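Notes follow once the structure below has been shown.
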Amino acid sequence: MTDDRPQHPRILVCLASPHSRSRISDELTRRYATDYDIVESASAADALDVLRDASTAATRVALVLSDDLSEDNTHGSVFRFARHLFPDVRRGLVIEWGSWALPRTAELVHSALASTQADCYVVVPRRSPDEYFHRAITELLYAVERSSEQVTPDATIVGPLSLPRVHEITRYLTRAGIRSRVVGPESTEGSDISNSGETAAAGSPLVEVAGGGVLVNPSNADLAEVFGLTTTVPTDSSVDVTIVGAGPGGLAAAVYAASEGLRTLVLERESIGGQAGSSSLIRNYLGFASGVSGADLSDRAYQQAWAFGARFGHTRTVTGMATAEGGFRLTLDRGDEVLTRSVIVASGVSYRRLAVPGLDRYVGTSVFYGATAVEAKAQTGRHVLVVGGGNSAGQAALHLARYAASVSLVVRGPTLAASMSSYLIEQLTAAGVSILTERKIVGGIGTNDELEAVVLRHRVAGDETTVPASALFITIGAAPHTDWVNPTVLRDRWGYIFTGNDMVIEGGRRAWPGERPPAPLESSVAGFFAVGDVRRGSVKRVASAVGEGSVVVSSVHAYLAESRAR
Ligand SMILES: Cc1cc2nc3c(=O)[nH]c(=O)nc-3n(C[C@H](O)[C@H](O)[C@H](O)COP(=O)(O)OP(=O)(O)OC[C@H]3O[C@@H](n4cnc5c(N)ncnc54)[C@H](O)[C@@H]3O)c2cc1C
């Protein structure tokens with residue numbers, strides 16, 4: 001008789017030391033044996049066989065714990081081979097308790113994390129049970145579950161992948177933390193769902209909600225409502241502060257405002273998390289030594305703000321603003337209006353994307369928009385390309401040149417002189433950065449995991465060359481989301497909002513009309529504040545947006561007290 005039960009996913013423990021291996025296996029068995037098969041290997045060669053066998057048997061490997069980074073010519077290391085066969089696998093580099101004091105261990109950890117071979121390090125359990133060990137394991141398994149396609153989905157989308165709305169729905173649900181999968185209309189499951197009573201017109205997808213009904217071509221707002229995210233907003237004047245945008249800056253402002261007793265409304269047009277929500281791993285945010293996915297960080301912040309009493313209007317776009325009796329009137333999509341005593345703008349920016357085949361799959365792993373400092377060390381000894389001709393591209397290239405084996409700057413124009421400061425151009429030359437002018441990227445080539453090369457086309461001659469690239473940093477301009485902001489709010493020529501003392505010198509005249517000096521994050525309109533990337537002069541980091549979102553609330557309190565006294 002054959003056993004048709006689905007196989008449990010595996011946890012592979014590959015350690016040469018029998019003592020450490022059995023400590024880890026015993027701990028794992030005590031806690032996880034009901035849901036996972038725990039498999040031991042004493043050598044890398046043995047572990048490679050285990051991985052190969054699991055792949056052949058279509059059994060998922062969820063987690064690999066190993067202290068072996070040795071590479072063979074065929075498969076690379078155990079970690080690399082595991083990621084090659086199981087893209088969702090998480091990999092923990094095992095170190096002995098207390099060995100972090102040894103330079104060799106520190107070097108091993110730095111190199112494993114910088115080369116992205118391991119996702120984090122895990123300390124061998126010291127006692128049993130060892131909750132510190134289990135916390136690390138649970139977080140790793142949770143991360144696997146969040147990214148795995150094999151977990152039961154909350155929604156099934158029926159539609160062809162050639163339909164853009166299918167991708168938009170998938171993206172929206174993923175960013176909202178809702179697991180979904182797509183099935184073709186011709187598949188058995190697709191036709192079962194279509195035959196269940198709801199038939200979509202050609203070109204419009206269906207969404208079957210687990211435990212619920214079937215939606216025909218739903219909007220993002222329909223999806224939000226079905227999954228318990230409120231889209232309605234209060235239309236009376238009961239709000240002390242309205243926060244526009246739920247990226248890191250807006251979420252931090254929501255946590256502090258709501259926790260300090262302000263009646264707080266957050267309006268978000270797309271998904272919680274903003275740009276950070278699209279980052280697969282934020283490594284430089286305080287308190288997360290192994291990094292944290294932007295979606296996870298945002299989800300935690302959202303729950304925190306909600307639990308303090310902040311109200312959210314999901315999928316709601318602010319389209320206009322005006323001053324009103326006692327504060328501001330914000331106009332929203334679908335014709336709603338919100339009256340609010342003060343406003344915090346945290347609407348961020350969008351980086352222009354390169355629409356090039358073969359690149360999107362590497363975003364966040366080898367292709368980076370806007371952020372460079374955080375990734376620079378990981379480029380040690382590698383070949384890196386930076387795209388863009390502005391100062392931000394030049395600074396990124398300079399910073400990367402400290403670590404990478406080679407850095408090339410890809411520029412569309414014939415020279416950098418028109419777009420970059422001359423001191424930067426000199427520094428780039430001194431640092432050995434190659435400037436590839438009049439080129440554009442037309443293709444990306446790589447493995448499942450990593451980009452390996454890009455194809456460049458000369459804009460005049462039209463010839464194409466393939467150049468090695470382990471990473472691509474794209475800084476081709478960011479645009480702030482401020483088109484809805486009234487002209488009385490002073491902005492620079494790109495649309496970034498002036499705040500605090502920065503606005504005083506614009507055009508050589510005082511833009512601030514008030515008697516008192518402006519508060520540090522206050523715009524040229526009293527009671528209308530700006531934080532994060534949308535603010536002129538901001539640092540464009542998660543932590544700085546969070547910092548500004550937290551501190552602005554004390555200025556909001558001061559403004560509300562002042563307006564009450566008037
Ligand atoms: C791929 C990627 C990776 C990154 N990695 C890192 C990293 O590792 N470390 C780091 O420090 N920084 C990183 N950054 C930068 C960081 O994410 C940003 O600096 C940060 O998200 C800025 O936060 P914010 O709240 O100011 O704005 P945003 O994150 O841009 O959020 C703004 C929000 O406002 C919403 N919005 C806009 N207009 C409206 C409107 N009219 N009505 C309602 N809502 C609106 C948007 O939908 C968005 O959700 C990364 C950025 C990207 C794109």
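The values are calculated or read from the model by the stated rules, or taken from the named source; none is laboratory data. This one's a predicted model, so the numbers in the text were calculated from it and none came from an experiment. When we count neighbours, we look across all protein chains shown, and the Cβ atoms used for this are built from the backbone with ideal geometry, even at glycine. With ligands, DNA and RNA removed, areas are computed over all heavy atoms of the protein, side chains included. Shrake-Rupley method; radii C 1.70, N 1.55, O 1.52, S 1.80 Å.
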- Query: From the residues in region 97-147 that are hydroxyl-bearing (S, T, Y) and within 22 Å of L28 (Cα to Cα), which one is most open to solvent (accessible area, probe 1.4 Å)?
  - Reply: Y132
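Based on this model, can you work out whether L521 counts as of a type outside the set (V, I, T), in contact with a helix residue (DSSP H, G or I) (Cβ under 7 Å, 6 or more places away or on another chain) and closer than 30 Å to V89 by Cα?
Numbers: of a type outside the set (V, I, T): yes; in contact with a helix residue (DSSP H, G or I) (Cβ under 7 Å, 6 or more places away or on another chain): yes; closer than 30 Å to V89 by Cα: no.
Against the criterion (of a type outside the set (V, I, T), in contact with a helix residue (DSSP H, G or I) (Cβ under 7 Å, 6 or more places away or on another chain) and closer than 30 Å to V89 by Cα), L521 does not qualify.
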- Select from region 472-485 the residues that are farther than 30 Å from A404 by Cα and surrounded by 14 or more Cβ atoms within 10 Å (Cβ to Cβ) and write down the one among them that is nearest to the ligand (Cβ to nearest atom). H481
- Message: As an exercise: evaluate A106 against (1) free of Cβ contacts under 8 Å to residues at least 12 places away in the same chain; (2) part of a loop (DSSP other than H, G, I, E, B) and give the number of the one condition it does not meet.
- Response: (2)
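Residue-by-condition table, conditions (1) more than 19 Å from L265 (Cβ to Cβ); (2) open to solvent by less than 20 Å² (accessible area, probe 1.4 Å); (3) touching a Ser or Thr at 6+ places or on another chain (Cβ under 7 Å):
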| site | (1), (2), (3) |
| --- | --- |
| W512 | yes, yes, yes |
| R516 | yes, no, no |
| A526 | yes, no, no |
| V531 | no, yes, no |
| A543 | yes, no, no |
| V546 | yes, no, no |
| G549 | no, yes, no |
| R566 | yes, no, no |
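Give me a count of the residues in region 12-58 that are aromatic (F, W, Y) and open to solvent by 60 Å² or more (accessible area, probe 1.4 Å). Steps first, please.
Of region 12-58, the ones aromatic (F, W, Y) are 32, 36.
From what is left, the residues that are open to solvent by 60 Å² or more (accessible area, probe 1.4 Å) are none.
Residues meeting the conditions: 0.
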- Looking only at region 514-553, and only at residues there that are closer than 13 Å to T499 by Cα and part of a helix (DSSP H, G or I), the one that is nearest to the ligand (Cβ to nearest atom): G532
- Can you tell me which residues in region 508-556 are more than 12 Å from I344 (Cβ to Cβ) and touching a residue at least 60 places away in the same chain (Cβ under 8 Å)? V525, D533, K540, R541, V542, A543, V546, G547
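Sort out for me the strands (runs of 3 or more DSSP E) sitting completely within region 340-442 that have 2 or more residues that are closer than 30 Å to M321 by Cβ.
Strands (runs of 3 or more DSSP E) meeting the threshold: 349-351.
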- Message: Looking only at region 80-118, count every residue that is within 25 Å of the chain's Cα centre (by Cα) and on the phi > 0 side of the Ramachandran plot and tell me the total.
- Response: 1
- Message: Taking the criterion of being within 9 Å of the ligand (Cβ to nearest atom), open to solvent by 10 Å² or more (accessible area, probe 1.4 Å), at pLDDT below 95 and part of a loop (DSSP other than H, G, I, E, B), would at least one residue in region 312-325 satisfy it?
- Response: no
- Message: Name the single residue that is farthest from A254 (Cα to Cα) among those in region 332-352 being touching a strand residue (DSSP E or B) at 6+ places or on another chain (Cβ under 7 Å) and near the ligand (Cβ under 10 Å from one of its atoms).
- Response: Y351
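Which one is nearest to the ligand (Cβ to nearest atom), of the residues in region 381-398 that are open to solvent by 10 Å² or more (accessible area, probe 1.4 Å) and at pLDDT 80 or above?
It comes out as V387.
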- Item | Matching residues, region 30-69, being basic (K, R) and without any contact (Cβ under 8 Å) to a residue 60 or more places away in the chain | R52
- Which residue, of D88, D72, is out of contact with any Cys (no Cβ under 6 Å at 6 or more places or on another chain) and surrounded by fewer than 14 Cβ atoms within 10 Å (Cβ to Cβ)? D72
- Task: Could you tell me which of the residues F368, F328 is within 15 Å of the ligand (Cβ to nearest atom) and touching a Ser or Thr at 6+ places or on another chain (Cβ under 7 Å)?
- Result: F328
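Let's see how each residue does on (1) assigned by TED's automatic domain parsing to the domain that holds R341; (2) open to solvent by 10 Å² or more (accessible area, probe 1.4 Å); (3) among the β-branched types (V, I, T):
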| residue | (1), (2), (3) |
| --- | --- |
| G184 | no, yes, no |
| D192 | no, yes, no |
| S196 | no, yes, no |
| N217 | no, yes, no |
| T235 | no, yes, yes |
| G249 | yes, no, no |
| A254 | yes, no, no |
| Y285 | yes, yes, no |
| A289 | yes, yes, no |
- Task: Determine if region 298-313 includes at least one residue that is farther than 21 Å from S259 by Cα and among the acidic types (D, E).
- Result: no
